[in-house]
Amino acid sequence: MRNLLASLLAILLLSGQILAQQSRTISGKVTDEKGDPVSNASVLVKGTNTGTTTGVDGSFRLEIPTGAKVLVFSSVGFKTVEQPVDERSVFAVQLQSAQNTMEEVVVVAYGTVKKEAYTGSVGTIKASEIEKRPIGNVVRSIEGALPGVVTTSGSGQPGNANAIRIRGFGSISATQDPLYVVDGVPYVGGTSNINSDDVESITVLKDASAAALYGSRAGNGVVMITTKKGKKGKNNISVKISQGVSQRGLPEYERVNAFDYYPLMWEAYRNSLVYRTTGAISMDSANRVASGLTNRSGIADLLAYNPFNVARNAIVGTDGKLNAGANLIYGDDLDWTKEFMRSGSRKDYSVNFSGGSEKSDYFVSVGYLKEDGYTIQTDFERYSARMNVNVRPLDWFKTGLNIAGNFSNFNVTSDGGGIVNPFTFSRNIGPIYPYYAHNMTTGAYVLDANGNKIWDLGNFQNEPIGIQNGILNRPGTTSGRHAPAELILNEYPNKRWAISGRSTTEITFLKNFKFTNNIAIDFQTQNSNEYENTLVGDGAPGGRSQKAVDNITGFTANQLLGYTKRFGSHNVDVLVGHENFDQYITNLNGFKQGQSLTGNVEFGNFTTINSLGSSVDRYRIESYLSRLSYDYDGRYLFTASLRRDGNSRFSRDARWGTFWSVGGGWNINRENFMSGVKWIDNLKLRGSYGSVGVADGIGFYAWQGLYGFANNANEPGIVQSQTSFENLELTWEVNTQSDIGLEFALFKNRLNGSIEYYNRQSKDLLFAVPTPLSSGAISVTKNTATMYNRGFELQLNGDIIRTKDFTWSLGVNLATVTNRITRMPDGIPEFVTGTKKYKEGASIFDYWLRSYYGVDPEDGSVLYLAQNTTASSGIRYIANKAGGFDTVTTLVANGKFDYHGGVIPDVYGSFTPSIRFKDFTLSALFTFQIGGKTYDANYQTLMSSGTYGSAVHKDILNRWQKKGDVTNVPRMDNAETANFNATSSRWLINASYLNIRAINFTYQLPKSLLSKAKINAAQFFVSVENALFLSRRVGMNNQNAFTGITGGEYPPARIMTAGITFNL
């Protein structure tokens, strides 16, 4: 028995030695042409399933059989490299960027194509550019990444996205948003549902040739989001851990303090007594009245609050100066942001498992994101998971399933217009009003029965607390309001569930044919809740609760038949298909008031029904599509596409439309006459022309005659009125676009880029045309106006210095847009909306405002160019530089309207410098624009000539004060705020800006350190989002909205994070 065991042991040892001799271990590192590591690259023994993937530092380790002959190195965006195995045990492999060699595979409508063979205009953002930024919404990664794509800054509330416009502004009344496509299918959910760590690439289709296959919804471009899948080779586990903090990224406007404020308001009151047209009094008398030295109200009576330790009639002397002995009695309580601003936090964790073989691949991920905004009651929490599995059980059959789900909790704060907005409220309240209630004699805090501070609501004058402590009512609209307290007491919780599924089946037959069947479903349900408290605000004193449940389901099914054939130097690719899209939307909402018990915000705890409603909407599109691609020897390219859509937004007789495109290209570098030009690596000339549509943004039933109805005071019957007329001929807007571009790579790919010109014509624009009042309806939607957007785009990427250990590279994007209306609706030659006027020859973003002239040095009045120049009240004549006179007016009602420039700048742009030294990389994203104008409505409010109780900007210190003063700021005068602060060209300012959107620092940890922990690769990173905003005015957000008007939106957040990623 012992001999038998000894023999078996000897056999096992011999077998192990033989097996060990049949395989060996190799290692190495994969880098790009700059020397930067290429992570997640595939390393595969050719002809086998033996392989692995590189870590974040580009390194790999692989056990290979002794018979292995060739290793295949590949990665998305790079040219595949094969190397012989020979006797080496260490490999140093450099991959050449496919972006430079034109071999990059780009995602396009219903497929992929090599960039070299593509005739359309596209831009791609890779996973490596997305995953290093701390963003809760993947769409935020688009800003500054591509020429011709502009964005707003977006709300700083966690999880929010920014708005996007591609190649100008293609509509007036319909949507200007692009179509979002996720994994090949139009997406109906929110983009905050998508975990950015799951995204492989974002492709933006900019011209008609690229977007035409999406037909009636592609007029504003297409944003295609492609999620990750597994790669051939060794199974891989990737972990990302990051944590950070957030704070307000944009500073507040500069405002005067309490010591300057009181004299300014005193002056506004004094001047209102002196310069009034009737009942004016002398300057000396007005000084005494304003100081409170007569039996008339003084400035302290008008402002109500006295924050100083001096008598109410001794705050400001008759000389207009603050009492030298005045000190604040509650100076520590004048910051209205201290209770609702905080240091936010960010936690982002994700794990993914991936791998693949010749027959299958898989990608599984889970993620958790928790962002607490820099204000209380704002947060976003998301749990996400994804599984993407593809198998090819037979050579001719392949199927795959991509399922993602997430659950989100988020709270929001009001950041629109209105007094409930905490940013607007804290910005505009005068600097003498305390956050908490104080005894107006001693300055001591007023406490409740439990010893807690009490919010000063500004309406305590007739309440016991006010009578006992000398607290008066605040003047103006803030009396009885306290937006920060309302933010604390109100509740705005939201919950969202989302599931997305993509199923694909491919059958290959007759060698050159492939049939693909895709089925996709997106489902999202959101519960929105709003509780308004019983103490202060719109809900007081009864309290009220609103709830809504919104469900969106999108179903898409398409069947595609492809034919690919190569014969000689000719290559042909044909695609035909059919697609159905069905969207189902439901809403259930309720609104009750009269809260019975505190702490319960459910409907059962409220007594009165304010409203109860529900709705169901359905939207359907049926489509037939085709595409032909042809190239000869890779030199001459031709593409044509055709799609016919039937859209349920329009009547049966008008819902079918045809959309198409043609494109051509010439790879000049492939010509024989270019063989001797060694400094040109790639050179392609391409052009396209086509037609796409816009149908969204006008409602689901715009062609129908619509009625509004309401219940009859809770009695039987309804009250109804017609709101719009029927239009059976209504159809989609049509965008025809021509595009010509030149793509190039030079000096051994040290410099590459493209230059393009586009001309986008929008016709049959959907316009809600006003109707006569006698018709009984407000408007009828028609296809009427036309408009164009034209511009140039330039993209450059280059290595300024490139050595083995050091690389300094720079990317630059530049774009221009010219927007013009070329035809208005019949019978409506012009249409004024807010600060804009639509008219032939004008842009939809040109300002139409009263013409501000300046300030009269004689009396400090605001002057406007006069519309009616006949001598009358308010008319003045000012000598001009030409030796004549300008007719001006002090009355804004007679101010002359005119165009005063526009929102659209001369140039949009961005640049991305990057420096790498060995394993350290530092990069940044700068965005900018030159030119254009911003209408600073926030500044307008702060420059009031004397609204009692409201804050004022520091620029008011440059006001006119005496005869002969030359200034652009009028006199303080409470009686003239309507004329002095009216909407006019005075509030326009140069919109040029420079923002540092992102800064990223990474360090690849050394392999020697990681091997002990059995970690293949690891990378440490630090990033800053929204690092710096520079504009012509502190606090002004030029990217607030495409309209160019500043508002009360939640300012962008500066997010600072640090983290580590590692591969196992």
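Beyond 61 Å, what percent of the Cα pairs of the chain remain?
Values: 105016 of 565516 pairs.
Within the chain, distances greater than 61 Å cover 19 percent of Cα pairs.
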Legend entry - Whole-angstrom gap from segment 602-624 to segment 826-874, using each part's C-alpha centre: 43 Å
Inset, instruction - Compute the long axis of helix 2-21 from its Cα atoms, compare it with the longest principal axis of the Cα atoms of the chain, and write down the angle in degrees, 0 to 90, nearest 10. - result: 70 degrees
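Rg/Rh for segment 23-96 to two decimals, with Rh computed the Kirkwood way over all alpha-carbon pairs.
Working: Rg = 11.2 Å, Rh = 12.0 Å.
Dividing the radius of gyration by the Kirkwood radius yields 0.93.
For the chain, what proportion of DSSP beta bridges, expressed in % and rounded to the nearest 5, is antiparallel?
Values: 380 of 393 bridges.
That works out to approximately 95 percent antiparallel.
Determine the calculated [θ] at 222 nm for the chain from helices alone, applying -39500 (n - 2.57) to every DSSP H run no shorter than 4 residues and normalising by the residue count; nearest 500 deg cm²/dmol. Please list the in-between numbers first.
Values: 13 runs with 98 residues, N = 1064.
Dividing the helical sum by the residues of the chain leaves -2500 deg cm²/dmol.
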Legend entry - Given charges at beta-carbon only (K, R positive; D, E negative), |dipole| of the chain in Debye: 2580 debye
Inset, instruction - Could you work out the Rg to Rh ratio of segment 108-229, with Rh taken as the Kirkwood radius (inverse of the mean 1/r over all Cα pairs)? - result: 0.93
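Count the DSSP beta bridges whose two residues both fall in segment 153-274, then state the antiparallel fraction as a percent rounded to the nearest 5.
Details: 8 of 12 bridges.
Around 65 percent of the beta bridges assigned by DSSP in segment 153-274 are antiparallel ones.
In what sequence, highest mean first, do 781-793, 309-321 appear when ranked by Cβ atoms within 10 angstrom?
Working: 781-793: 21.1, 309-321: 15.8.
Averaged packing, sorted descending, gives the order 781-793, 309-321.
Could you check what % of the DSSP bridge pairs in segment 23-96 are antiparallel, to the nearest 5? Walk me through the intermediate numbers first.
Details: 19 of 25 bridges.
In segment 23-96, DSSP labels about 75 percent of beta bridges as antiparallel.
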Legend entry - Gyration tensor (alpha-carbon) shape descriptor, segment 800-895, a/c threshold 1.5: oblate
Legend entry - Furthest towards positive pole of dipole, 41, 84, 59, structure part segment 23-96, Cβ charges: 84
Legend entry - Centroid-to-centroid separation of segment 882-950 and segment 469-491 [C-alpha atoms, Å]: 33 Å
Legend entry - Pairs beyond 31 Å (Cα-Cα), from 338/370; 240/748; 240/933; 114/495; 126/514; 126/836: 240/748; 240/933; 114/495; 126/836
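Computed from the coordinates by the stated procedures, all read-outs in this text should not be read as laboratory data. Nothing here was measured: the structure is a model prediction, and the numbers come from that model. Neighbour counts are summed over all protein chains in view; Cβ atoms, including those assigned to glycine, are modelled from backbone coordinates with ideal geometry.
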